[in-house]
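Nothing in this text is a laboratory measurement; each read-out follows from the coordinates by a stated rule. Keep in mind that what you see is a predicted model, and the values were worked out from it rather than measured. Reconstructed Cβ throughout: ideal geometry from the backbone, glycine too, with neighbour counts over all protein chains shown.
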Amino acid sequence: MKDLKSYIRTVPDFPKDGIAFRDVTTLFGNPAAFKHTVDALVAAFKNDRVQKVAGIEARGFILGGAVAHRLGAGFVPIRKEGKLPHQTVSETYTLEYGDATLEMHLDAFGAGDRILLIDDLIATGGTAEAALSLIERQGGDVVGCGFIVDLPGLGGSARVKAHCDHVVSLISFDD
């Protein structure tokens, strides 16, 4: 297996000038790289007795669903506002270019359930922190947070570690 970085496409100036977007869809499209990624995340959390995997829309759904399946856990979608059909709890947070809101079903899990949060990338940490807040407000016990990519220069990992002791990122881009 080549370095996972080689499977990630960098798109310059997306979604705005000066941003180097790390596109994991190219990794997802390669069967060996995708399998290696899921295997690595499963190995990192296999002893945490995960009951539910929460995945953040949209790439966190792809990755989180595969990880949940392999861990024998349920899956909880954390979606953009207005996309879930039943009663929800929401969290609004600030992005670099505006505000956004995430939602989760009120009955997504029981109090004390052991939850693993999964997303493709951790940048500034705002989205992950909002998702963690939703989980914590509903009484979930966050046992881990897993990401493919960390952009440590943006400080998101430090923000997430304030909520989650077991944070795993498979690769890092320092630029």
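Summary table below
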| read-out | value |
| --- | --- |
| Virtual spin-label span in nm between Lys161 and Ser6, 7 Å along Cα→Cβ | 3.0 nm |
| Extension gain, Asp174 back to Ser90 (0.36 nm per residue minus Cα-Cα distance, nm) | 27.0 nm |
| Beta bridge orientation in segment 48-172: antiparallel %, DSSP, nearest 5 | 30 percent |
| Where labels lie 7 Å past Cα in the beta-carbon direction, separation of Asn47 and Thr26 in nm | 3.6 nm |
| Rounded FRET efficiency, nearest 0.05, which uses the C-beta distance separating Asp39 from Lys16 and R0 of 30 Å | 0.30 |
